[in-house]
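For reference, the structure discussed in these notes is given below.
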Amino acid sequence: MLWGVGTSSYQVEGDIHDADWSDFEQTIAPQFQGAKEACGHYLHAQDDIRALRALGLNAYRFSVEWSRIEPAPGVTDQSALDHYRRMVVTAQECGIEPVVTLHHFTLPKWLAAEGGVLSPHFSDHFARFCTAVGTALDATWWVTINEPMVLAVMGHLLGEWAPGRRSATEASRVGRVLARSHLQAYEILHEADSARKVGVAKHLTPILAYRPHNLVDQVGSRLQHTFFNQRFYEWTKGGHDFLGVNFYARSYAKGLFAVCRSRPHEAVTQMGWVTDSADLATVLSWLKPLGLPVLITENGIATLDEDARSDYLKSHVRVLLEARAAGLSVAGYLHWTLWDNFEWREGWGPAFGLCPRPVPGQRFAWRPAARLLAELCATDGAALLGRSV
Ligand code: BGC
């Protein structure tokens, strides 16, 4: 089984100036100072990968930054492509399985100016980008798109992320375009090597009725579940070699369309989320009938309480291992995330990392959960079985 961590380019690399978020971050939360030099991962990628191996992990999910690779339409920056190719090779040489994400929320500015995902040329641009990266990088595991429905909702329905739009019909169109683009990328990546394992990282969350006995909330919970959790799989049938799952926490439907993350008096994380590993069991039960291996592509908690972080990791991995024992095919577990990183609208506040953000002279101050994850990797999970959480 794969045991590792995940990151995304914009959140950790530093000095990305040509992405839509490079401008957008200033409009929403200037108090969080923007991604800026982030965690310096672009400068130190090779050493960072070796550090993951030294810790004892066997997998690393990272994303390639489209705005670096294609700074202008149809123009490839070979040095950027080489950078990511070297990351893949270094990982493979030191015993880390690379899991490459093609699109993790950001777009090049030139594409955003053309209408972004809703540009009539989006699919062509994305296909060209996938061909360039898919040819240059010899990786087995690929995530085409990270959380397509989150991008649709946060960027096009709630307007809280780039491109800051608020339209239900637009959000639904974005979901469909990303589904078509995923299917296209699925084919392109397999043309280079049919043995590749290609999927999406799909955010899944049980959406409960906020007021359990309120009929409107109950209907809202069903409607939102269908749109947010299920539609993308319906639109992309036959286009997955594995089911990539980003799981964090539950949600609540308050009315037909509004969603919130907690009820009054519930204990919440720094993100305001209510966590319960039983919710992961629910999510896995939806996936079992689909008959594909599950790869947890993200799972983590924003907290400065290290006992809480370790407990979260243990309880969620335990649920995953129990599902595996009950017959679910499980390909791996990738924790989110390596360092406390630029958390989009929340900036540098939430601490999701197995380490704090690097400071000069220290890139990795491992928190206890990092050692725990390494122990799980060394024993393929056995270190946890029999232990009470
Ligand atoms: C995203 C990450 C983000 C994480 C925690 C996921 O929605 O893929 O980029 O940092 O959740 O909020």
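Points worth noting:
- The residue list V219, V99, H182 was ranked by how far each Cα lies along the charge dipole of the chain toward its positive end, using unit charges on Cβ atoms, and V219 comes out on top.
- Taking other C-beta atoms within 10 Å as the exposure proxy, V177, V317 rank V177, V317 from fewest upward.
- Check: the chain dipole with +1 on Lys, Arg Cβ and -1 on Asp, Glu Cβ, in debye: 1000
- Karplus 3J(HN,Hα) series, Hz, for segment 72-89 with 6.51 cos²θ - 1.76 cosθ + 1.60 (x for Gly, Pro): 9, x, x, 9, 9, 8, 4, 5, 5, 4, 4, 4, 6, 5, 5, 4, 5, 5
- For L107, the residues 5 or more places off, or on other chains, whose built amide H falls under 5 Å of its own are D20, W21.
- For segment 302-317, backbone phi angles converted through the Karplus equation (6.51, -1.76, 1.60; θ = phi - 60°) give residue-by-residue couplings of 8, 7, 10, 8, 5, 5, 5, 5, 5, 5, 4, 4, 4, 5, 6, 5 Hz, Gly and Pro being listed as x.
- For the chain, the calculated P(r), taken from all Cα-Cα distances in 20 Å bins from zero up to the bin holding the longest distance, is 29, 63, 8 percent.
- Amide H partners (placed H, <5 Å) of V294, local residues excluded: L243, S329, V330, A331
- A Gaussian network model of the chain, with springs between Cα atoms under 10 Å, assigns the largest mean-square fluctuation among L111, L313, L43 to L43.
- Selected from L107, L52, L304 as most flexible by GNM, with the chain as the system and alpha-carbon contacts under 10 Å: L304
- Protection proxy ranking, peptides 336-347, 235-246, average beta carbon neighbours within 10 Å, highest first: 336-347, 235-246
- Taking amide H atoms as placed 1.01 Å from N in the peptide plane, the amide H of T101 lies under 5 Å from those of F62, S63, V64, V143, each 5 or more residues away in sequence or on another chain.
- For the chain, the 222 nm mean residue ellipticity estimated from helices alone, with every DSSP H stretch of n ≥ 4 adding -39500 (n - 2.57) and the total spread over all residues, rounds to -12000 deg cm²/dmol.
- Proxy reagent accessibility, fewest Cβ within 10 Å first, across E234, E114, E191: E234, E191, E114
- 3J(HN,Hα) along segment 181-186, derived from phi through the Karplus expression 6.51 cos²θ - 1.76 cosθ + 1.60 where θ = phi - 60°, amounts to 5, 4, 4, 5, 5, 4 Hz, with x in place of Gly and Pro.
- Sorted by Cβ density within 10 Å, fewest first, the residues M154, M87: M154, M87
Bear in mind that the values in this text are calculations on the coordinates, not laboratory data. Computed from a predicted structure; not experimentally measured. Cβ: placed from backbone, ideal geometry, glycine included. Neighbour counts: every protein chain shown.
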